[in-house]
Structures are given as structure tokens and as C-alpha cells.
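Since the structure comes first, as C-alpha cells, the remarks are kept for the end.
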Amino acid sequence: MPEGLHASSSPPPRAAVGQPLRVAMFVNEFPALSETFILNQITGLLDLGHDVTIFANNPRAEPGTHPDVMRYELYGRVRYREMPQDKLVRLAMAPRIFARHGAHRKTLLKSLDLRRYRREATSLNMLYWSDRLLTQAPFDIIHCHFGIIGRQAAFFREVGALSGKLVVTFHGVDMSACLDREPDLYRHLFAKGDLFLPISDRWRKRLLEHGADPERTTVHRMGIDPFRFPLTERGPARDGIWRVLTIGRMVEKKGIEYGLRAVATLAGRGVPVRYDIVGDGPLRPRLEALAQEAGIADRVAFHGWRVQGEVAELMRDSDVLLAPSVTDADGDQEGIPVTIMEAMATGLPVVSTRHSGIPELVDNGRTGFLASERNVEELSDSLHTLLRSPSLCREMGFEGRKKVVAEYNIETLNRQLEAKYRSLLTPV
């Protein structure tokens, strides 16, 4: 049996080789502009002919939506938990759930087992999800993004509200801060899940350290469609101004503070530089104030969130992608940022950090430069090296695109994922 595939004692599969699969895709919020890696996987599975239903706690409040959400009519495929925010209202409505599902009273009672499910039961999260899931036909595959979501789905399956082979992709915070706080967090999931898919070698190693079965744990990377991000050959700065680009949520682990300080250092050296920052988040006011304090407010543009086409245009107009990721105060870390893949596909050289799985994507000295976390001097020196050498930028850009096309092409990865699904469903 191939590494990472596991034969469980579940009933025989319903889907024969070549037949469309019924896939339940569990996420925290949907749609989410910063999670194109999940969207790419969903649309890829649809392109392969599979029936995908998306389950999410809530939609994310954002000013825009990725065009593929509308193109693939994904709102019609989303099922939200629909649990009232107010706890008293939540409790008052609970009897209606029992009235709707009289034949499944045993499942609903199990979902309220305080000793086994603790906060998941006391919050009524298990009950409200059971209400939503009991109306669904059985699935072939239950695919969860982030370990926390996978842990919940294992509970749903255990009480009888959900059926199918359980596959979990592990990304970043679920492998860093969450495990730092609670090392045994995934004990139940490791015992009950069928396939665990860390997105990097680093995270696979950590899963094994925390008790995951190596036979059921294999790396499956997130990817992009590199042909949506065509190669752009870059030359010297068109108007004498070098353009640096950062894309990401304005939270601590993105390290944008250090990007601003690195650009300020460059400006202090007399380098004509402009810094474009795409994204939004709780730290935006603080970062805008920092740009003012550093004396570079006239060189920095805060664009907020932009859809994929607008981001691709900014990439075409930039000279370097700066991704200064750090481990935040709670221990939260990145996975492998998809924005770096997208930038590399366009031929942008990358300046990033030795953080999480980033060194598995960015080859230091070949497709970009890696600095230590929070090291402003290393970041600014790396930027300076690239910006004064257009030929080095081009060379690194070409190498970067080759790597993304070879290793992070979402079409190839989705076919590999389909094969993993089918292996789980093949009787041994």
C-alpha cells in the first residue's frame, strides 16, 4: 500500500474507480479571499467531475469575492452551521432540533455528551452541526482543512451525524500555536482519521512527533494554476523606482512590520523604492502609523484586499515579492504561503524568511533569498542585492517559475489527491 494510505474497517466503498465521488469539504469560513488554496482544490475537484458540498461555520466578512466562487456557483454548494450567536437563543431553539430529527434522537443525545466532547457539547456546536448534517446523504470522502476542523468532523462521524472516509489537511496555526497549547489535541483524530495530509515535510515530522501514524500521514502540498500567473520578463525599473510587493492578512505572523522597516532602511540608503501592500486585518492602523513614523508614507500604498486578477497585475508591475513571515507571540506560524507560489509563477524573485515550510518552496540563493525572522538588516540587504541586479532578478524569477510548475501545479496535485481518495475507497 502506498505511503500515507490506510485501510480502515469502514463498510465497502460505494464509488467504483472512475465514478464521481461525493466529497464533503469542511472549512472554518467560506468564502475567504486569503484561502485561495482551498478554493483551488474545490474547483479542481469539480473540474474532475466530483460532487463537492462545502460545510463552513460562517462566511467571512470581506469586501470582495474571488471570481471562481461565482463562476462555479459555489454558494449553491455551501451549507452553513446556522447556530445563533446568543447562547440563550441557541439553547431555546435546541428542542426544535430534536423535533426535526425524531428518528435520530440517539445521535443528538450523543452530541450533548459533556464528558466526551466538553466545549463542543456545552456550546451546542455538536448539536447544531448534527442538525445540519443529518439531512445529508452519505459521503465517500470527508475532507477537512485545518486540524481543528478535522477533530470536530471526527466527533460528528463518531456520533453518527456524518459518514465517509476522513481526510485532514494540516496547514499552519493548527500545527503550531494549537499544538503548543495542547500537545494531545489530535489524539482522537489520529485514532479515528483515515488520511492526514500535512502541506510540508516540516509539518509531517511534527505530526509524527505528536502521535500520527506514519502509514496514514503523507505530504500533500497546496498549489496554484501557474498559467493564471504568466511569466513576466522584467528589466530595469521602468521609471527609476523599484517596486516591492507584499500580500497577506495584516496579522502578526505575516511580519509586515519588518517589511516596512526593511523598506525604510532601503530608502535611507537612497534607493528609490515603492512598497505595495495588499491585504487587510486588525494590524492595519498600526502598520499605517508605522509607515508615517518611519518617514516612508509617501512610498507605501495600502491597497486592502484585491481579487486575483488585480493581484496578478500588481505582480506583473513589481520587481520583488517580500514575504517577511514570523512566528507570532502565540506561536502561530504559516504553512507555505500560496502568494509566494503565485509570485514565483510570474517570475518574481522572493525575499522571505526561514520560517515554517517556506524553505521548501524558496531555494535560498536560487529562487530568492531567505533571512532570519525579524532581521530587518538581512531583509533590506537581500532586497538591495536584488534591486541593483536586474539580471539576478530575471535568473531567480525563471528558476522560481520552473519550481512552481514542476512541484506546485494545482491540476497535478488535484489528480494526485483524487488518487489518494480512491485508494482509501479501494477494498484491500
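Taking a ≥ b ≥ c as the square roots of the eigenvalues of the Cα gyration tensor, region 334-397 is classed as oblate, since a/c reaches at least 1.5 and a/b does not exceed b/c. Within straight-line reach of residue 254, meaning a Cα separation under 17 Å, sit the following aspartates and glutamates at least 8 residues removed in sequence or on another chain: 35, 174, 276, 280, 288, 328, 330, 332, 334, 342, 373, 378.
In this structure, the residue pairs whose Cα-Cα separation is over 30 Å, taken from 87/165; 253/403; 106/165; 165/253; 110/253; 165/205, are 87/165; 165/253; 110/253.
Residue 108 sits among other residues whose Cβ lies under 13 Å from its own Cβ, and their net charge, with Lys and Arg +1 and Asp and Glu -1, is +4.
For region 226-407, the share of DSSP beta bridges that are antiparallel, to the nearest 5, is 5%. Estimated from helices alone, the mean residue ellipticity of the chain at 222 nm is -12000 deg cm²/dmol (sum of -39500 (n - 2.57) over DSSP H runs with n ≥ 4, per residue). For the peptides 342-351, 220-229, 179-188, the ranking by packing is 342-351, 220-229, 179-188, with the highest mean count of neighbouring Cβ atoms within 10 Å listed first.
Relative to the longest principal axis of the Cα atoms of the chain, the long axis of helix 256-268 makes an angle of roughly 0 degrees.
Give me the distance in nm between label points sitting 7 Å out from Cα along the Cα-to-Cβ direction at residue 75 and residue 412, one decimal. Between residue 75 and residue 412, the label points sit 3.6 nm apart. Here the Karplus curve 6.51 cos²θ - 1.76 cosθ + 1.60, taken at θ = phi - 60°, turns the phi angles of region 363-379 into couplings of 7, 4, x, 10, 10, x, 10, 10, 10, 5, 4, 6, 8, 5, 5, 5, 4 Hz, with x standing for Gly and Pro. Remark: the Cα gyration tensor places region 226-407 in the rounded category, a/c being less than 1.5.
Each reported figure results from applying straightforward, stated rules to the coordinates on display, with no laboratory input. In this text the structure is predicted, and so the values were computed from the model without any measurement. As a convention, Cβ positions derive from the backbone with ideal geometry for all residues, glycine included, and neighbour counts pool all protein chains shown.
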